[in-house]
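Have a look at the structure below before the remarks.
The values are calculated or read from the model by the stated rules, or taken from the named source; none is laboratory data. The structure presented is a predicted model; accordingly, all values stated were derived computationally and were not measured. Cβ: placed from backbone, ideal geometry, glycine included. Neighbour counts: every protein chain shown.
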Amino acid sequence: MTTMRRLFIGIAPPENIRKELLRLQYGIDGIRWIPPENFHITLRFLGLVAEEDLPDLDLLLSEVDFTSFRYDLDGAGYFKKGKYCTHLWIRVAPDPPLMEFARKLNGRFDFGLTEKSFARDYLPHITLARPKKHTMRDITPFLEHNAMFSLRGIPATQFHLYQSFLHQDGAEYQIVADYPARDFTEDDYTEDEDVSEDDVFLRS
């Protein structure tokens, strides 16, 4: 029987950025906050992938032309279904370096993908919470308080292939493979190393 894995491609924020986002997770009773080790920017959801197809997927991703860039976080937002909020998130600014890379990556799976259609459909963000029975009235104070939240100049030096495990109390994400930028070296930056305050501008 073929083993299937639930996979997606994303970018993990550096450790010090995760700490800043963790500080935002308060003030809403009964909400399910996302653990900081699960913070990520989704680039592409792949769904169920057969184990036997992983070598081909790894080769495809290793051939993606990826040069490091910096991105900004800017304000808070939400998704909803009916009257209930389903996701609370921090917005990732859709600046050209991120959007161009994300479109190029998605183009490996969606042939004929245009810049216009991708920009219309892709909303980069980092999810902070998955509410259950929370209405707009419940989350509006959080949105208002974090409307001016901003983190700028965050380095993206690698992207990752993730596996998602679904549990009763929420999803767990594990990194399956890393794909460093062409111009990235370990001397420049490591995942566990904090980015200095000179490199990242924080405002909330």
Condition check for Pro94: touching a His at 6+ places or on another chain (Cβ under 9 Å) and not in a strand (DSSP E or B): no
Given the conditions (1) touching a residue at least 12 places away in the same chain (Cβ under 8 Å); (2) of a type outside the set (Lys, Arg); (3) out of contact with any Ser or Thr (no Cβ under 6 Å at 6 or more places or on another chain); (4) over 18 Å from Gln158 (Cβ atoms), and given that Pro55 satisfies all but one, which numbered condition is not satisfied? (1)
Strands (runs of 3 or more DSSP E) wholly inside the range 148-204 that include at least 2 residues being modelled with pLDDT of 85 or more and either surrounded by 13 or more Cβ atoms within 10 Å (Cβ to Cβ) or touching a strand residue (DSSP E or B) at 6+ places or on another chain (Cβ under 8 Å) (or both): 150-156, 158-167, 170-180
Is it fair to say Lys104 is basic (Lys, Arg) and either in contact with a Leu (Cβ under 8 Å, 6 or more places away or on another chain) or part of a strand (DSSP E or B) (or both)? no
Which number in (1) acidic (Asp, Glu); (2) out of contact with any strand residue (DSSP E or B) (no Cβ under 8 Å at 6 or more places or on another chain); (3) crowded, with 17+ Cβ neighbours inside 10 Å marks the one condition that Glu52 misses? (3)
(1) farther than 30 Å from Ile31 by Cβ; (2) surrounded by 14 or more Cβ atoms within 10 Å (Cβ to Cβ): which one isn't true of His145, the others all being true? (1)
Does Ile126 satisfy being part of a helix (DSSP H, G or I) and modelled with pLDDT of 90 or more? no
Selection count where residues are without any contact (Cβ under 8 Å) to a residue 40 or more places away in the chain and either in contact with a Lys or Arg (Cβ under 9 Å, 6 or more places away or on another chain) or within 30 Å of Gly107 (Cα to Cα) (or both), scope the range 26-36: 1
Restricting attention to the range 60-76, does a residue exist that is without any contact (Cβ under 8 Å) to a residue 60 or more places away in the chain, of a type outside the set (Lys, Arg) and in contact with a Leu (Cβ under 8 Å, 6 or more places away or on another chain)? no
For residues in the range 79-110 being in contact with a strand residue (DSSP E or B) (Cβ under 8 Å, 6 or more places away or on another chain) and small (Gly, Ala, Ser), which is surrounded by the fewest Cβ atoms within 10 Å (Cβ to Cβ)? Ala93
I'm trying to understand the selection: among the residues of the range 134-165, which are within 30 Å of Leu54 (Cα to Cα) and of a type in the set (Ser, Thr, Tyr)? Thr157, Tyr162, Ser164
Can you tell me which residue among Leu113, Leu151, Leu48 is of a type in the set (A, V, I, L, M) and closer than 25 Å to Leu21 by Cβ? Leu151
